[in-house]
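Participant: A single structure is presented below for examination.
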Amino acid sequence: IFQEIIKHDFVKDLMSGTLSKDVFGFYVNQDTLYLSEYTKVLSK
């Protein structure tokens, strides 16, 4: 699984320092939404 993860374009660009700010910003926003909902589920 690890090998497949590091082949992903997002991860390759992140590791090489070529990930665009827009793509990273989208990731951070999506992660924020996910974590917000995840904490609600865990608190039940």
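The numbers here are math on the coordinates, done by the rules we state, and not lab data. Since the structure is predicted, the reported quantities are computational estimates derived from the model, not experimental observations. Because the Cβ atoms are built from the backbone with ideal geometry, glycine has one as well, and the counts that use them run over all protein chains shown.
Participant: Need a quick list: helices (runs of 4 or more DSSP H) entirely within the chain having at least 3 residues that are touching a helix residue (DSSP H, G or I) at 6+ places or on another chain (Cβ under 8 Å), surrounded by 10 or more Cβ atoms within 10 Å (Cβ to Cβ) and at negative phi. Steps first, please.
Facilitator: Working: elements: 2-7, 9-16, 21-42.
Of the helices (runs of 4 or more DSSP H) lying wholly inside the chain, those with at least 3 residues that are touching a helix residue (DSSP H, G or I) at 6+ places or on another chain (Cβ under 8 Å), surrounded by 10 or more Cβ atoms within 10 Å (Cβ to Cβ) and at negative phi span 9-16, 21-42.
Participant: Condition first: under 12 Å from the mean Cα position of the chain (by Cα) and free of Cβ contacts under 8 Å to residues at least 12 places away in the same chain. Now tell me which residues in region 20-41 satisfy that. Spell out how you get there, then give the answer.
Facilitator: Taking region 20-41 and keeping what is under 12 Å from the mean Cα position of the chain (by Cα), we get 23-35.
Phe24, Gly25, Phe26, Val28, Asn29, Gln30, Asp31, Thr32, Leu33, Tyr34, Leu35 - these are the residues of region 20-41 that are under 12 Å from the mean Cα position of the chain (by Cα) and free of Cβ contacts under 8 Å to residues at least 12 places away in the same chain.
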